[in-house]
Amino acid sequence: TEGGGHVGWMASMPLVPMVVSAVAPLPVLAAGGIADGRGLAAALALGADGVLLGTRLLATEEAPIHPQYKEAIVRSSGHDTVLTEIPDIAAQQVWPGAMARALRNGFIERWAGQEWRLRQQADEVGTEIQRARQEGDVDNASLLIGQDAGLIDAVLPVHSVIEQMAAQASEIITTRLPRFVTE
């Protein structure tokens, strides 16, 4: 549920080990709420073989999205996201059994509790949010981001994100965690 975009109803901490146990020996990638080496180390500890990054990679120099969208991610506390059907209704998409985690902005606030009306105006509203996204109007676009946005404090090159994440995870695994092992 922590990730941005379409999510299920279970958080990563219990879900990852369940999936790992269910599909062993197939490799598993953890996703949802992972933006740094702490999340990578945690996912590995839960049995995952790696991670899938969403919101963290949107806030990179290489991401093909408007710079204002990237800055909205950096400004987000993660507490300003919400699970909602509003982006899907506006896009006239159906994702059975899933909600979308989005930035709680003017677009979401305007339509909260008005989903029935949004369904009636979805063509017009869909066009408006596409235009807002292209223009970088983060208050009037549908911005799918995860709670891990609260961990992101800069737009960086992808290679820097990966290098920093790997270094932080390595430090945790080799320096911090071994003190919990007794011989």
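Per residue, the solvent-accessible area of the chain (1.4 Å probe, heavy atoms of protein chains only, all protein chains present) comes to 55 Å². Which angle between 0 and 90 degrees, to the nearest 10, do you get for helix 158-171 versus the longest principal axis of the chain when only C-alpha atoms count? Approximately 40 degrees, to the nearest ten.
Derived value for the range 1-150: Kirkwood hydrodynamic radius 16.2 Å. Basis is the mean of 1/r over every pair of different alpha-carbon atoms. Calculated mean residue ellipticity at 222 nm for the chain: -12500 deg cm²/dmol, from DSSP H runs with n ≥ 4 weighted as -39500 (n - 2.57), summed, divided by the residue count and rounded to 500.
Carbon-plus-sulfur accessible fraction, the range 5-180 (probe radius 1.4 Å, protein heavy atoms only): 57%. Between 0 and 90 degrees, the angle of helix 12-23 with respect to the longest Cα principal axis of the chain falls at about 70 degrees.
With respect to the chain, whose longest principal axis is taken over its alpha-carbon atoms, helix 122-135 is tilted by about 60°. Of the GluC sites (Glu not before Pro) in the range 42-81, the ones in a loop by DSSP (not H, G, I, E or B) with at most 13 other beta carbons within 10 Å are Glu61, Glu62.
The values are calculated or read from the model by the stated rules, or taken from the named source; none is laboratory data. Note that the structure is a prediction, hence the values are computed from the model and not measured. For neighbour counting, all protein chains shown are included, and Cβ atoms are generated from backbone atoms with ideal geometry for every residue, glycine included. To get the accessible areas, we keep the full protein, side chains included, count just its heavy atoms, and leave off ligands, DNA and RNA. Shrake-Rupley method; radii C 1.70, N 1.55, O 1.52, S 1.80 Å.
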